[in-house]
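Here is the structure we will look at.
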Amino acid sequence: MIDLPNVDLKMIKAPLKINNGTVVEVLATQFDDKGRIEIGLAATTQYNITREERVLMIDVEKVKPPAEEKAAAKEEQKEELKKEEPKKEEEAIQEKKIELSSPPPQCLLLRNQ
């Protein structure tokens with residue numbers, strides 16, 4: 001939702017249907033001294049608003065399809081596991097160090113059966 005002071009949006013009567021997978025519709029509403037633009041999104045996403053003189057630009061990041069989101073989540077999990085693996089190796093090495101640092105046995109018994 002963007003409020004624009006001293007802007008007249010009365011000429012825009014109906015919502016603009018977009019339905020491109022990211023933006024569903026754009027709705028313009030006029031109040032006494034300001035215009036309001038509402039952008040209906042298919043899902044939460046990042047956006048950037050910039051202004052160049054009398055032009056307001058709203059860049060909306062494309063929403064990833066569910067399959068892409070799942071793939072990205074799996075990649076993140078793999079990266080986390082890779083980070084954890086060295087920790088597990090370090091823990092195993094530490095455990096071995098502990099085992100090796102214990103006193104050696106005083107007697108060794110070999111049995112041949």
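A single member of Glu79, Glu95 is charged (D, E, K, R) and at pLDDT 60 or above, and it is Glu79. Against the definition (surrounded by 10 or more Cβ atoms within 10 Å (Cβ to Cβ) and modelled with pLDDT of 70 or more), how does Ile49 come out, yes or no? When the stated conditions are applied, Ile49 passes them. Taken as a whole, the condition of being modelled with pLDDT of 85 or more and assigned to a loop (DSSP other than H, G, I, E, B) does not apply to Ala28. For the range 17-46, which residues satisfy the criterion of being loosely packed, with under 12 Cβ neighbours inside 10 Å and touching an Asp or Glu at 6+ places or on another chain (Cβ under 7 Å)? Result: Lys17, Gln46.
The values are calculated or read from the model by the stated rules, or taken from the named source; none is laboratory data. Note that the structure is a prediction, hence the values are computed from the model and not measured. Positions of Cβ are backbone-derived with ideal geometry, glycine not excepted, and every protein chain shown enters the neighbour counts.
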